[in-house]
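To keep things clear, I will list the structure first and then write my remarks on it.
The values are calculated or read from the model by the stated rules, or taken from the named source; none is laboratory data. Model, not experiment: these values are computed from the prediction. Cβ placement follows ideal geometry from the backbone for every residue including glycine, while neighbour counts extend to all protein chains displayed. We work out accessible area using only protein heavy atoms, side chains counted, and drop any ligands, DNA or RNA first. Shrake-Rupley method; radii C 1.70, N 1.55, O 1.52, S 1.80 Å.
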Amino acid sequence: MTVFDTTLRDGEQTPGISFKFEQKLEIARQLSAIGVHAIEAGFPASSQGERETVGAISALGLDSVVCGLARSRKEDVDACLDSDVDMVHVFIPTSEVQRVHTIKKSPEEVLDITGEIVAYVRDHCDLCMFSAMDATRTDHDYLIQVFRTAADAGATIINVPDTVGVYTPTAMKHLITRIGDEVDCPIDVHCHNDFGLAVANTVTAVEAGASQVQVTINGLGERAGNADLAQTVMIMESIYGVKTGIVKEKLVETSRLISRFSGITIPPIQPIVGDNAFSHESGIHSHGVIACAATFEPGIMTPEMVGHRRKLALGKHVGRHAVRQMLQEVHLSPSDGELDRIVEKIKFISVKGKRVTDADLFEIAETVMGIENGGRAIEMEDLAVMTGNHVIPTASVKALVNGKEHVYSCTGNGPVDAVLKAIMGLLSTKVQLKDFNIEAISGGSDAIGHVTIAVEDEHGRIFDASASSDDVVLASAEAMINALNMLHRVEKQ
Ligand code: KIV
Ligand code: ZN
C-alpha cells in the first residue's frame, strides 16, 4: 500500500489555513523524509503564486512523486505541466447533484471529457490520476463506465473520493470490491471526515483492494477534514500488518510541525500523536503500565514506534506506584509515610483543577522529605526582547547561575523562541526543548497565559514545568527557568 499525502492541497483548503511559501517547502521536505510515496503539492491553475510554489517543490528533487491537481480542462493540465510535476491529478464531478449544479454537463459529456482529458495528460506526462468527484454519491453502473473510460484512456491510477464523507465502511467495501472486479486499474481512495468515518472508510477500502490512500497530516482538509495520515498508517501497519513505507518514528514530529504551521492545535486525546496518547493517570493503569506497558496500551503500537513518549501523569487519580516510580527516576526514595503525604498533596492540587508538573512534584517531594535544596540555581535578573515587523526577534538575558552572573543573547523565529533559546544558552550543558504549550486562562487581550514546557537533558530525561503571567513572553521565560532549575536539582541528587 502506498501513501498519497494531500496536506498541501486539500489540507490547505481547511478554513483559515494558508501556509507560507517557505513553510510549504519545509512541509514537502518533511513529507518526503517520512517516506510519503506522492505529495499533492497544490492546484497550479488556481494562481500564479500556486504555480510557482508547486514548481519550487518539484525543483527540490525529492524522493516522493510530486503531483498537481487540475480540473478536467487543458489549461489546468498545462499549469501542472508548467510546474514540472511528476503526476497530474485530473478530476470531474460524476454525481448527479454535482454534475447538474456545478459543471452543468450530461452523463455522456462527462464520459467524453474524461476520455479526452486523461489522454491529453498521458500525451504529456507519465503519471495520471483520475478522480470521479463525489464518486460515493454517483450511480454505481455509471461510475464504472466513467472509471473504465479513464483507464482505457491511460489513467495510471483511479481515485474514489468520498467527497462529502457520507459513506460507511460496509458501503465502501462493496464499492471498492466492485470497481476492483470491473475496472483494470490500480485504485486510490480519498475520504472526508464529515461523520468521523474517514479513517475507517480508508482502511476498509484497502482491505477491499485499494492500493493507495489519500491522507493529510492531522486530518486537515475541507470542512471536517480528510483521513489522518498517522492513524491510517498505524492501523495498516500495526493491526493489518501491511507495510506503508512510512517512517513511523517521525509521525509525532511531523504532526507538531503541521500544527505549528497551520495554527491548528492537536487535541490532547488525538490518537497516535496527541499529548495524552500514551499518558496514564489512574493508579490502576499506571501500576499496570509500570509492570508491563502492554497492560493498558495497545502493545502492537508503542510510543517509541511513533516518536512519542510514555508519561505517568500527575492528577487526582494518581497512585502511589506511579509517584514512587517518578521519584525514583530522580533518585528520591521517600518513606511510605512521606509517599502518602506527597500523593495527598498532588491530589489536593489537582482537585482544584491545576495541572501538576514534574517540577511541582519535585518541589512537593523535597518539602515533604525535608530536603534542603539550597535555593534556585538559576535566577533571572534581566530580560530584554526586541521584536517587530522589520526586525529579527532577539532576546538578551542576564541571570545568576550558581551565584555567577551570565549574559546571553539569541535570535529566534519569534520573541518566545528567542527568549527560550537565550535562556537555554546560559547553561554549559546541552538541553533540548521537547514540548511547549500555551493556554489562555481568561478571555480578552489581557488574558493570563499559562505556559508548560518540557525539556530533555543530555541523558534523555524529560521534565516539565509551568508558569503563568499576563505577559506570555515572561510566562515562557519563567517556565523555562523552572524546568532548568528542576534539571539542575536532579543532577545534584
Ligand atoms: O474531495 C474531493 O473530491 C477532492 C477531489 C479533488 C479529489 O478533493
Ligand atoms: Zn477532498
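Figures for the structure shown
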read-out: Where trypsin sites (Lys or Arg not before Pro) in DSSP loops with at most 11 other Cβ within 10 Å are excluded, longest remaining stretch of the chain; value: 105-242
read-out: Accessible surface of Ser58 - all protein chains present, 1.4 Å probe, nearest 10 Å²; value: 30 Å²
read-out: Within region 279-369: Cβ-based charge dipole about Cα centre, in debye rounded to nearest 20 (Lys, Arg +1; Asp, Glu -1); value: 320 debye
read-out: Angle in degrees between helix 336-351 and the longest Cα principal axis of the chain, rounded to the nearest 10; value: 50 degrees
read-out: Gyration tensor over alpha-carbon atoms, region 198-259, equivalent ellipsoid semi-axes in Å; value: 19, 15, 8
read-out: Accessible heavy-atom area order of Ile346, Ile290, highest first, probe of 1.4 Å; value: Ile290, Ile346
read-out: Hypothetical label at Ala119: residues of region 57-80 whose amide nitrogen lies under 16 Å (7 Å Cα-Cβ projection); value: 73-74
read-out: Per residue value of the accessible surface for the chain (all protein chains in place, 1.4 Å probe), Å²; value: 44 Å²
read-out: 12 Å beta-carbon shell around Val343, net charge (K/R +1, D/E -1); value: +2
read-out: Region 315-422, dipole about Cα centre (Lys/Arg Cβ +1, Asp/Glu Cβ -1), debye to the nearest 20; value: 420 debye
read-out: Centre separation in Å (Cα based) which lies between region 209-225 and region 438-491; value: 34 Å
read-out: Base-10 log of normalised Debye intensity for the chain (one unit scatterer per alpha-carbon) at q = 0.05, 0.11, 0.12 Å⁻¹; value: -0.25, -0.96, -1.07
read-out: Accessible area (Å², 1.4 Å probe, nearest 10) - Thr254; value: 0 Å²
read-out: Rounded tilt (10° steps) of 198-207 against the dominant C-alpha axis of the chain; value: 60 degrees
read-out: Tilt relative to the chain, helix 48-58 - C-alpha long axis, 0 to 90 degrees, to 10; value: 80 degrees
read-out: Summed side-chain charge close to Gly11 - residues other than Gly11 whose Cβ falls under 10 Å, Lys, Arg +1, Asp, Glu -1; value: -4
read-out: Gained length - Asp82 relative to Ile269, 0.36 nm times residue gap less alpha-carbon distance; value: 63.1 nm
read-out: Alpha carbon centroid spacing (whole Å) that separates region 92-164 from region 28-91; value: 20 Å
read-out: Theoretical gain in end-to-end length, Asp184 to Lys250 [0.36 nm per residue, Cα-Cα removed]; value: 20.3 nm
read-out: Ranking by accessible area, most exposed first, for Thr114, Thr265, Thr295 with a 1.4 Å probe; value: Thr265, Thr295, Thr114
read-out: Met380 accessible area, 1.4 Å probe, all protein chains in place, Å² to nearest 10; value: 60 Å²
read-out: CD proxy at 222 nm, helix term only [per DSSP H run n ≥ 4: -39500 (n - 2.57); per residue of the chain; nearest 500]; value: -11500 deg cm²/dmol
read-out: Rounded to 5, percent antiparallel among DSSP beta bridges of the chain; value: 50 percent
read-out: Computed over region 2-262, the ratio Rg/Rh where both radii use C-alpha atoms and Rh is Kirkwood; value: 0.94
read-out: Enclosed volume per residue, in Å³, of the convex hull spanned by Cα atoms of region 378-492; value: 95 Å³
read-out: Extended-chain gain in nm, criterion 0.36 nm per residue less alpha-carbon gap, Thr429 and Ile462; value: 10.4 nm
read-out: Thr367-Asn402 pseudo-label distance in nm [points 7 Å out on the Cα-to-Cβ vector]; value: 2.8 nm
